[in-house]
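Peer 1: Before anything else, here's the structure in question.
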Amino acid sequence: MKKNIVLIGFMGSGKSTIGRYLAKQLDYLLIDTDKEIERKENKTINKIFEEQGEKYFRACETQLLREMESSKEKCIISTGGGMPLLEENGRLLNKMGFVVYLNVQKNTVMDRLRDDITRPLLAGDDAEKKVSDLLEFRNPIYEYTAHMMIETDHKTIDEIVEEIIRNYKIMTGDSGIVQQR
Ligand code: S3P
C-alpha cells in the first residue's frame, strides 16, 4: 500500500481538521482537493457549481486524482465530500493509499454546518432533508470505498487521529506487529 492517507466522508465530517492534525503528527504534506481545484480553476467551489455545474466539478475531481495518483507520497489527502461518487474516483483513491471514512451523523453535520454558506449542495430550503437524503445515498459508497471507517460523533480529535495512525501503521507494516497471512 502506498504511504498516503486519504480522508473521505460527508461535508462537516472533519476531513480538513483531522487532515491537519494527521499531517502535523506524521510530518506529511496536507493536500485538500477542494482547495487544489479552487486554485486550478481560480474560482470558489460555489462559483464553479453556479457557472459550470456539479458535473463539471466532478470532472475536475477526477482530473486532479489522475494527476496526483502516481506522484504523491507521504501525503494526507483530504477530499471533497462527493469525491467517491464516481466509480473511477473511488478506484483512484484506493490506489493512492490508506482510505479512511470519517462517518458522521446527521445531527452533527447540522450543528457544524448550520451557518455555512460555502456548500452549494446544502444551499436553499430544507438543508436537513438534503443532508439526510445525501447521507443515506452516500453511506454505502463511502463504506465500499474505504479501508477503514471511524464513527467520529463522540470522539475527540486526538482519539480519531490516534486510531487512524495506529491502523495506518498496521496496514503499511510500520507497527512492529507481524501480520498473519
Ligand atoms: C461536496 C463537498 C464539498 C465540496 C463540494 C461538494 C459534496 O467538500 O467538494 O461542495 O458533494 O459533498 P467538503 O466535504 O469539504 O465540504
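Peer 1: Return one number: the angle in degrees, 0 to 90 and rounded to the nearest 10, between the long axis of the Cα atoms of helix 53-68 and the longest principal axis of the Cα atoms of the chain.
Peer 2: In the chain, helix 53-68 runs at an angle near 20 degrees to the longest axis.
Peer 1: Percent of Cα-Cα pairs more than 19 Å apart in the stretch 76-146, please.
Peer 2: 38 percent
Peer 1: Assigning unit charges at the beta carbon (Lys, Arg +1; Asp, Glu -1) and nothing else, what dipole magnitude in debye, to the nearest 20, does the chain show about its Cα centre?
Peer 2: Once rounded to the nearest 20, the dipole reads 620 debye.
Peer 1: Please list the three semi-axes, largest first and in whole Å, of the ellipsoid equivalent to the chain, using sqrt of 5 times the eigenvalues of its alpha carbon gyration tensor.
Peer 2: 27, 19, 14
Peer 1: Would you please name the GluC sites (Glu not before Pro) within the stretch 73-112 that are DSSP coil residues with at most 14 other C-beta atoms within 10 Å of their C-beta?
Peer 2: Answer by residue number: Glu73.
Peer 1: Once you order the gyration tensor axes a ≥ b ≥ c over the Cα atoms, which shape class does the stretch 30-89 get: rounded for a/c under 1.5, otherwise prolate or oblate by comparing a/b with b/c?
Peer 2: In terms of gyration-tensor shape, prolate.
Peer 1: Given +1 on the Cβ of Lys and Arg, -1 on the Cβ of Asp and Glu, and no further charges, what dipole in debye does the stretch 63-151 carry about its Cα centre, rounded to the nearest 20?
Peer 2: 260 debye
Peer 1: Which of Lys47/Lys95; Lys129/Lys155; Lys3/Lys130; Lys55/Lys95 have a Cα-Cα distance over 28 Å?
Peer 2: Result: Lys47/Lys95; Lys3/Lys130 exceed 28 Å.
Peer 1: For Gly80, enumerate residues with amide H under 5 Å from its amide H, sequence gap 5+ or separate chain, H modeled in the peptide plane.
Peer 2: Residues meeting the criterion, in which the H sits 1.01 Å from N, are Thr33, Asp34.
Peer 1: Per DSSP H run of n ≥ 4, the term is -39500 (n - 2.57); total these for the chain, divide by its residue number, and report the mean residue ellipticity at 222 nm rounded to 500 deg cm²/dmol.
Peer 2: -16500 deg cm²/dmol
Peer 1: I need to check one value: relative contact order of the chain, counting alpha carbon pairs closer than 8 Å and at least 6 residues apart, in percent.
Peer 2: Relative contact order, the chain: 33 percent.
Readers should treat all values here as calculations from the given coordinates under stated rules, not as data from a laboratory. Just so it is clear, the structure is predicted and the values come from calculations on it, not from any experiment. As a convention, Cβ positions derive from the backbone with ideal geometry for all residues, glycine included, and neighbour counts pool all protein chains shown.
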